[in-house]
Ligand SMILES: [Zn+2]
Ligand SMILES: [Zn+2]
Ligand SMILES: [Zn+2]
């Protein structure tokens, strides 16, 4: 399978060992079109215990392969990073849109990137969560 080879290469490109669990988790996240809620990952990967799932997610997060797209009281949503994220730094210029109709969370590019400066502060990451109606639901 083409995508599987791609995912293996993605892990290797971040100096991560290719393991069946990492591949399994990454496949689930990659096949989901928008950001995938933790509860759905858990349901799809019943063979993972809680600790294994937590550790595998952390490896992918630290490796610059996935990021948290949205966090609310019920769930945490994860999405694939694009090419420019690395294990040193997540570089996201997009925002996260939570659709109030289908409740899916997606990574969307903005037309005018938001620039925020705070005196005497080094900003590493800006998280913007937007709710609205996504293009599929308009
Ligand atoms: Zn990232
Ligand atoms: Zn929607
Ligand atoms: Zn995102």
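Note on the chain: antiparallel DSSP beta bridges, both residues inside, total approximately 75 percent of the bridges counted. Assuming a ≥ b ≥ c are the square roots of the Cα gyration tensor eigenvalues, decide whether the chain counts as rounded (a/c under 1.5), prolate (otherwise, with a/b larger than b/c) or oblate. Oblate, since a/c reaches 1.5 and b/c is not below a/b.
Is it possible to state the helix-based mean residue ellipticity at 222 nm for the chain, with each DSSP H run of 4+ residues giving -39500 (n - 2.57), the sum divided by total residues, to the nearest 500 deg cm²/dmol? What is it?
On the way: 4 runs with 44 residues, N = 138.
It comes out at -9500 deg cm²/dmol, rounded to the nearest 500.
Mind checking the angle between helix 2-13 and the chain's longest principal axis? C-alpha axes, 0 to 90 degrees, to the nearest 10. Once rounded, one gets 80 degrees.
Between helix 20-31 and the chain there is an angle of about 40 degrees, using the helix long axis and the longest principal axis of the Cα atoms.
By its C-alpha gyration tensor, with a ≥ b ≥ c as the square roots of the eigenvalues, how is the range 68-138 shaped: rounded for a/c under 1.5, else prolate for a/b larger than b/c, else oblate? It is prolate, given that a/c is not under 1.5 and a/b is the larger ratio.
Label 7 Å along Cα→Cβ of residue 128; the range 82-106 residues with amide nitrogen under 17 Å? It comes to 91-99, 106, nothing else. Seen against the Cα atoms of the chain and their longest principal axis, helix 50-62 is set at about 60 degrees. Ranked by the mean number of other Cβ atoms within 10 Å per residue, highest first, peptides 39-48, 108-117 order as 39-48, 108-117.
Here, each number is a calculation from the coordinates, and none is a lab measurement. No experiment lies behind these values; they were computed from the predicted model shown. Positions of Cβ are backbone-derived with ideal geometry, glycine not excepted, and every protein chain shown enters the neighbour counts.
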